[in-house]
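The values are calculated or read from the model by the stated rules, or taken from the named source; none is laboratory data. Since the model is a prediction, treat every value here as computed from it, not as a measurement. Using ideal geometry, Cβ is built from the backbone for each residue, glycine included, and neighbour counts are taken over all protein chains shown. The area values use the complete protein model at the heavy-atom level, side chains included, leaving out ligands, DNA and RNA. Shrake-Rupley method; radii C 1.70, N 1.55, O 1.52, S 1.80 Å.
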Amino acid sequence: MDFDTLIKVTVDGMEKGLFVKGETLSKHINVEKKDYKSARRIINGQDKDWIIAEYAQGIEECLMNEIGRASCRERVYVLV
């Protein structure tokens with residue numbers, strides 16, 4: 001499967017709860033809360049949920065506070 005299709009399937013499945021019944025991205029990440037660790041269940045259960053949560057929190061911090069700085073770019077590129 002090509003990368004663009006993979007991304008579309010992943011995002012659609014997370015938003016609609018197609019991977020795990022009742023588990024949607026908006027259930028875990030919304031205006032009121034950001035539970036990145038629990039959101040991990042949508043794709044791969046609890047496998048490395050703590051590190052995924054740390055990555056997500058770091059990316060969010062970069063996007064909200066440091067978007068143009070080199071330190072932010074370095075942190076995000078490590079994940080890709």
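The table for this structure:
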{"quantity": "Area accessible to solvent at residue 7, 1.4 Å probe radius, in Å²", "calculated": "80"}
{"quantity": "Neighbourhood net charge (13 Å Cβ-Cβ; Lys/Arg +1, Asp/Glu -1) for residue 9", "calculated": "-2"}
{"quantity": "Exposure rank, largest accessible area first [54, 32, 61, 23; 1.4 Å]", "calculated": "32, 54, 61, 23"}
{"quantity": "Charge tally in the Cβ shell below 11 Å around residue 48, where Lys, Arg are +1 and Asp, Glu are -1, residue 48 excluded", "calculated": "-1"}
{"quantity": "15 Å beta-carbon shell around residue 18, net charge (K/R +1, D/E -1)", "calculated": "+2"}
{"quantity": "Under-5 Å amide H pairs with residue 29, H placed in peptide plane, nonlocal only", "calculated": "35"}
{"quantity": "Nitroxide proxy distance, nm - points 7 Å out along Cα→Cβ at residue 4 and residue 31", "calculated": "3.4"}
